Amino acid sequence: MSGLELDRRPVKAVVIGSQLAYGAVGNNTVARMIEAAGHRCVQVPTVVLSNLPHYPSLAGGPVPETWLTGFLDDLLARQVLDDTQYVFVGYLGEARQAGIIAAWYLRARELYPQLKLILDPAMGDDDVGLYTHQDVADGYREHLLPIAWLSTPNRFELALFSGEPIYDEQDAANACLDLMEAGCRYVVLTSAPTDDPSLIGCLIALDEEHFEQVDTARVTSTAKGAGDCFAGLMIGELLRGSELLPAVEQAVLGTSSALSGNHPLF
């Protein structure tokens, strides 16, 4: 490693997604949770914005393709991924970014075969609907889903991928299987339906016949970034050596705490 670097810890995760000057979503939150767990990560922005688009004003936009390509290529040129375990991909600013990231990841995995891709297809939610363009959703499915080790959609995003509405646990399981058939190794549905409306579920699809669900009390909140908080907490647990199910369980608890206003980092 170059003597120019003050931080000489090994890079354990690459986080690719939105970056805000003000706001607890995207890279801002995923990286915060990974770093809080004691692991170094590097952040690659797909968009740079002043704040959430829900505010009256918004500055910024997608990162130019040449910049995104350069950011990623220079990580390989610096040879800093020897100890990296996970590449996380979240919000995309443009459809073509999916192909750029996928091509880079496949090249990186040839050099560093331990890499695993975690895909959070940030496309929309039940309360706001689709908040990106349909071609971005198509880009996720065409380029990134087939090479993902794990995907963490919410119910809206999983239904968009599968093309079928999700009303109950069987619908959710079938939609998870659709993603696994597309190439994704594991699927974690972060807002799975439950029989009890006071609970919200997190469904983990481990294989065609093995599903686990972690239920927690539903928290009334309009805050954005819950999926990013969940992903960062889960990756932090995985980097500690946890298996997927206990990592998800801890991430569910931590995200519920954050939405309730009780997490020490928020």
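Run down Ala182, Ala205 and say which single residue is over 14 Å from the mean Cα position of the chain (by Cα), among the hydrophobic types (A, V, I, L, M, F, W, C) and buried (at least 21 other Cβ atoms within 10 Å of the Cβ).
Working: Ala182 fails: buried (at least 21 other Cβ atoms within 10 Å of the Cβ).
Ala205 is the lone residue from the list that is over 14 Å from the mean Cα position of the chain (by Cα), among the hydrophobic types (A, V, I, L, M, F, W, C) and buried (at least 21 other Cβ atoms within 10 Å of the Cβ).
Per-residue answers, yes or no, for (1) open to solvent by 70 Å² or more (accessible area, probe 1.4 Å); (2) out of contact with any His (no Cβ under 9 Å at 6 or more places or on another chain); (3) modelled with pLDDT under 95; (4) in a helix (DSSP H, G or I):
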residue: Leu92; (1), (2), (3), (4): no, yes, no, no
residue: Ala103; (1), (2), (3), (4): no, no, no, yes
residue: Glu110; (1), (2), (3), (4): yes, yes, no, yes
residue: Asp127; (1), (2), (3), (4): yes, yes, yes, no
residue: Ala137; (1), (2), (3), (4): no, yes, yes, yes
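Please name all residue pairs, on different chains or six or more residues apart, with Cβ atoms under 6 Å, provided the first residue is in the stretch 228-242 and is surrounded by fewer than 21 Cβ atoms within 10 Å (Cβ to Cβ) and the second residue is assigned to a loop (DSSP other than H, G, I, E, B) and of a type outside the set (Lys, Arg).
Here the result reads Leu239/His39, each pair linking the stretch 228-242 to a residue that is assigned to a loop (DSSP other than H, G, I, E, B) and of a type outside the set (Lys, Arg).
For Glu142, all conditions in the list (1) at pLDDT 95 or above; (2) surrounded by fewer than 18 Cβ atoms within 10 Å (Cβ to Cβ); (3) more than 23 Å from Gly93 (Cβ to Cβ) hold save one; what is the number of the exception?
(3)
Given the conditions (1) at pLDDT 95 or above; (2) over 19 Å from the mean Cα position of the chain (by Cα), and given that Gly163 satisfies all but one, which numbered condition is not satisfied?
(1)
The values are calculated or read from the model by the stated rules, or taken from the named source; none is laboratory data. Since we're looking at a predicted model, the values are computed, not measured. FYI the Cβ positions are ideal-geometry reconstructions off the backbone, even for glycines, and counts take in every protein chain you see. Note: areas computed on protein heavy atoms with side chains; ligands, DNA, RNA excluded. Shrake-Rupley method; radii C 1.70, N 1.55, O 1.52, S 1.80 Å.
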